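*Asks:* Take this structure, written in structure tokens, and hold onto it; I'll ask about it next.
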Amino acid sequence: MKIEQLTLRNFRNYEQLTLTPHEGVNLFFGANGSGKTNLLEAIHYCALGKSHRVSGDQSVVRIGQDFALCGVSVRSSGVRRDLTVRLIPGEAQKKVIQLDHKQIRRFSDMMGCLQCVIFSPEDLGLIREGPSLRRRYLDMMISQVNRGYFIALQQYRAGLEQRNALLKSLKGNSRSGVSVLEVFEQAMSGPAAAIVSGRKKAVDLLSGLAAETYREISGREEEIFQVGYHSVFRDSEETEQDFLRLMAENREEDIRLGITSAGPHRDDLNLTLNRRSMKVFASQGQVRTAALSLKLAQMKTLRRMSGEAPVLLLDDVMSELDRERRMRLVREISDFQTFITCTDESDLELDRERRIYHVSAPDGFACLEETNSGTIQTPANFREPDFS
């Protein structure tokens, strides 16, 4: 899977840009705040329909403009697909997505057209912060290769929100809404089973790849990194029935608390090094290596599950790694189209083909200057999608 063209219009500090990236490594270097990460964010929007940095879309639109646009042309298995995301602040419909120049109605229709893995310094939290980050990591990975999983995730979240709202309203009058709770629980049971099943299969594959990648990057055979799936349904053969049973058992306590206390939304990953919890015992260097290993294992897992190599986005992570780990990382990404940001091009030593760009924003607008041969921005190639 390769991005053949990236197009931006009024996207953060980019007024207009059409970029033809290299099929190998694309290195963007420049001062902080110049616009490097904005390029990776645009690619992430085209892959998953949302930013990896912020929860809302408002801040993406360049100040003073009434829309922002990002688009990619992707070639996968010899077929070219065009994905465009248009963001409109202040309207009821704030996001319009086109696939091959036709508007789509559901996010699930875009899943898998562009698969990407992004790693930024914030992802170090995968090891030591709360389980929500690790669930998000799993969900983003699986959703890109399994549309049924993504749909189940949406259905489960909608049911969970409705059940939690009802639980809050039942405090002090728990019997009046039991029958309605049962309806929500029945609707949630199928999606819950699909989520647990999808996560089990993904973690089974991910675990071995993460351990192997950790050894490659750290260079330490004696350090055994393990990834396990923690869920109340981990060994269940009848997840739907077990889910309904769990909801019934916890109902009174859930009403008291006003939340659903158990289910796939409480799952986690167990991350250990030599069978000791990394959250408690790992050094900072081990945390960095483990977080990067998880991301690279995610990349390899996507390739195994879909048969396509995803695009890799590395956002200012080179400064977090020593020279030896950087060199080992370069070997790991040799088969993938990669977009890397850093503050200095000397942060990365490459012996493979690459394209290097200097990113600057002298007047507040980002611009690129290519420092080696290749194709850079070509505004004449810009095609304004028809969103009418």
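The values are calculated or read from the model by the stated rules, or taken from the named source; none is laboratory data. This is a predicted model, so every value here is computed, not measured. FYI the Cβ positions are ideal-geometry reconstructions off the backbone, even for glycines, and counts take in every protein chain you see.
*Asks:* Being over 17 Å from Lys300 (Cα atoms) and in contact with an Asp or Glu (Cβ under 9 Å, 6 or more places away or on another chain) is the filter here, so list the residues in segment 187-217 that pass it.
*Replies:* Ser189, Gly190, Ala192, Ala193, Ile195, Val196
*Asks:* Would you mention how many residues in segment 4-13 are surrounded by fewer than 24 Cβ atoms within 10 Å (Cβ to Cβ) and assigned to a strand (DSSP E or B)?
*Replies:* Here the count works out to 5.
*Asks:* Across segment 14-38, which residue is modelled with the highest pLDDT among those that are assigned to a strand (DSSP E or B) and within 22 Å of Leu302 (Cα to Cα)?
*Replies:* It comes out as Asn26.
*Asks:* Residues of segment 154-172 being outside any helix (DSSP H, G or I) and touching a residue at least 60 places away in the same chain (Cβ under 8 Å), which ones?
*Replies:* Leu170, Lys171
*Asks:* Still on this structure, please answer the following. Quick one: Arg220 ticks every box in (1) buried (at least 19 other Cβ atoms within 10 Å of the Cβ); (2) under 22 Å from Glu320 (Cα atoms) except a single one, so which number is it?
*Replies:* Of (1) buried (at least 19 other Cβ atoms within 10 Å of the Cβ); (2) under 22 Å from Glu320 (Cα atoms), only one is false for Arg220: (1).
*Asks:* Turning to a different aspect of this structure: List, please: which pairs have Cβ atoms under 9 Å, are six or more places apart or on different chains, and start with a residue in segment 32-50 that is within 18 Å of Ile340 (Cβ to Cβ) and end with one that is part of a helix (DSSP H, G or I) and aliphatic (A, V, I, L, M)?
*Replies:* From segment 32-50, the pairs are Asn38/Val60; Glu41/Val60; Ala42/Val60.
*Asks:* Read through the list (1) closer than 25 Å to Glu353 by Cα; (2) out of contact with any Asp or Glu (no Cβ under 9 Å at 6 or more places or on another chain), then give the number of the only condition that Gly71 fails.
*Replies:* Answer for Gly71: the failing condition is (2).
*Asks:* Failed condition for Gly112, given (1) in a loop (DSSP other than H, G, I, E, B); (2) surrounded by fewer than 17 Cβ atoms within 10 Å (Cβ to Cβ); (3) not acidic (Asp, Glu), with all others met?
*Replies:* The one condition Gly112 does not meet is (2).
*Asks:* Would you point out the residue of segment 207-252, among those that are among the aliphatic types (A, V, I, L, M) and within 22 Å of Val330 (Cβ to Cβ), that is modelled with the lowest pLDDT?
*Replies:* Ile217
Quick grid of which residues meet (1) modelled with pLDDT under 95; (2) in contact with a Pro (Cβ under 7 Å, 6 or more places away or on another chain); (3) not charged (D, E, K, R):
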position: Arg147; (1), (2), (3): yes, no, no
position: Ala152; (1), (2), (3): no, yes, yes
position: Gln155; (1), (2), (3): no, yes, yes
position: Leu160; (1), (2), (3): no, no, yes
position: Leu167; (1), (2), (3): yes, no, yes
position: Arg175; (1), (2), (3): yes, no, no
position: Val178; (1), (2), (3): yes, no, yes
position: Leu181; (1), (2), (3): yes, no, yes
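*Asks:* Against the condition modelled with pLDDT of 70 or more, surrounded by fewer than 17 Cβ atoms within 10 Å (Cβ to Cβ) and either assigned to a helix (DSSP H, G or I) or not charged (D, E, K, R) (or both), how does Ser346 come out, does it pass?
*Replies:* Criteria met by Ser346.
*Asks:* Test Glu41 against the stated conditions and say whether it is in a strand (DSSP E or B) and of a type outside the set (S, T, N, Q).
*Replies:* Spelling it out, it is not the case that Glu41 is in a strand (DSSP E or B) and of a type outside the set (S, T, N, Q).
*Asks:* Given the structure, is Ser261 modelled with pLDDT of 90 or more, touching an Asp or Glu at 6+ places or on another chain (Cβ under 8 Å) and more than 30 Å from Leu39 (Cβ to Cβ)?
*Replies:* Criteria met by Ser261.
*Asks:* Just checking, how many residues over segment 284-339 are within 29 Å of Gly198 (Cα to Cα), in a helix (DSSP H, G or I) and in contact (Cβ under 8 Å) with a residue 40 or more places away in the chain?
*Replies:* Within segment 284-339, residues that are within 29 Å of Gly198 (Cα to Cα), in a helix (DSSP H, G or I) and in contact (Cβ under 8 Å) with a residue 40 or more places away in the chain number 22.
*Asks:* Residues to consider are Val61, Val72, Val85, Val25; find the one that is in contact with a Pro (Cβ under 7 Å, 6 or more places away or on another chain) and buried (at least 20 other Cβ atoms within 10 Å of the Cβ).
*Replies:* Of the residues listed, the single one that is in contact with a Pro (Cβ under 7 Å, 6 or more places away or on another chain) and buried (at least 20 other Cβ atoms within 10 Å of the Cβ) is Val61.
*Asks:* Moving on to the next point. Output yes when any residue across segment 272-288 is buried (at least 18 other Cβ atoms within 10 Å of the Cβ) and modelled with pLDDT under 90, and no when none is.
*Replies:* Checked segment 272-288: at least one residue is buried (at least 18 other Cβ atoms within 10 Å of the Cβ) and modelled with pLDDT under 90.
*Asks:* Follow-up question, since we're still on this one. Kindly indicate whether any position in segment 183-193 is of a type in the set (A, V, I, L, M) and in contact (Cβ under 8 Å) with a residue 60 or more places away in the chain.
*Replies:* Scanning segment 183-193, I find at least one residue that is of a type in the set (A, V, I, L, M) and in contact (Cβ under 8 Å) with a residue 60 or more places away in the chain, so the answer is yes.
*Asks:* Ok, one more. For segment 88-109, give me each residue that is over 21 Å from the mean Cα position of the chain (by Cα), surrounded by 14 or more Cβ atoms within 10 Å (Cβ to Cβ) and modelled with pLDDT of 90 or more.
*Replies:* Passing the criteria: only Gln103.
*Asks:* Could you tell me whether any residue of segment 65-85 is β-branched (Val, Ile, Thr), farther than 24 Å from Gln337 by Cβ, without any contact (Cβ under 8 Å) to a residue 40 or more places away in the chain and not assigned by TED's automatic domain parsing to the domain that holds Leu153?
*Replies:* no
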